[in-house]
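Encoded as structure tokens, the structure appears first; notes follow it.
The values are calculated or read from the model by the stated rules, or taken from the named source; none is laboratory data. Note that the structure is a prediction, hence the values are computed from the model and not measured. Heads up, the Cβs are rebuilt from the backbone with ideal geometry, glycines too, and the neighbour counts pull from every protein chain shown. Note: accessible area is taken over every heavy atom of the protein model, side chains too, but ligands, DNA and RNA are not part of it. Shrake-Rupley method; radii C 1.70, N 1.55, O 1.52, S 1.80 Å.
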Amino acid sequence: MYMELLKMLRASGRLRTHMDLLEVSCGRGGGLAHLVRHWPGSIKATGLDLSRNALEACRRNYGQIENLTFVHGSALALPFPDQPFDAVLNVEASNDYGDYAAFFREVHRVLRPGGVFLYCDSRRARDARPTMQMMRDAGLVGEFRDITNHIVEACRLDSDRRVQLIRKRVPLPYWLLFGKELCNYAAVEGSRKFEAFRSRRRIYMMTCAVKGGA
């Protein structure tokens, strides 16, 4: 999804010679590090996460990348002044925040005029339109792409690999206890999450929204 969002940024015409980028909820940092390594130009990237353990892993694994730093903070109270970033990135994390509108307002606050919000996540079907409206109300304007059918096909094609990876990494007692839930987390074919996407009870959407829409 990181590279797909980069494609959307390219297509928008908003890719600049140099960009200051923030990822909110960078997790263990692998996605952001991959994006930085393949960025088509000059970039200074910051990864933010609420988990100090995740940030320790980020610094341990990717601290050698000169144009990449990691900071601790909340998505609902970003620890930055107004307008330091050209782009804010958020990949499959916002469902955990509890207040989408507050998050979108914070994204708007830290973006420079004309800055972009690269965003993807899933929602229950009935919540998709209200989420889009909350983003627009925050001053972030962009066209949403519904890629649910692609997500279903990708999960189906990758299910065997995901199951084998889980079984390889998870000790047998934990597999016996939690294997079904882990497969659901990974959206393996036949799991509740997979069926929610397949039936379109859950929608996966992505956007490259612009601050102010200018």
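What to note about this one:
- Of the solvent-accessible surface of region 66-214, computed with a 1.4 Å probe over protein heavy atoms with every protein chain present, carbon and sulfur atoms account for 53 percent.
- Normalised by residue number, the volume inside the convex hull of the Cα atoms of region 77-200 is 140 Å³ per residue.
- When only alpha carbons of the chain are considered, Rg and Dmax amount to 17.7, 55 Å.
- At 1.002 mPa s and 20 °C, Stokes D of region 1-99 from Kirkwood alpha-carbon radius, µm² per second: 155
- Placed amide H near Glu23: partners under 5 Å, 5+ positions off or other chain: Thr46, Gly47, Leu48, Leu89
- For the chain, the relative contact order is 22 percent, taking Cα pairs closer than 8 Å that sit 6 or more residues apart in sequence and dividing their mean separation by the residue count.
- Over all projection directions, the Cα-based convex hull of region 80-140 averages an area of 4.0 nm².
- Two-decimal log10 I(q)/I(0) for region 105-167, as the Debye equation yields it once each C-alpha is a single scatterer, q = 0.18, 0.20, 0.29 Å⁻¹: -0.78, -0.85, -1.29
- Zone residues, region 54-73, relative to Arg169, backbone N less than 15 Å from point 7 Å out along Cα-to-Cβ: 54, 57-58
- In the full protein context, the chain carries 53 Å² of accessible surface per residue, based on a 1.4 Å probe and ignoring ligands, DNA and RNA.
- Near Arg162: Cβ cut-off under 12 Å, other residues only, Lys/Arg at +1 and Asp/Glu at -1. The net charge is +3.
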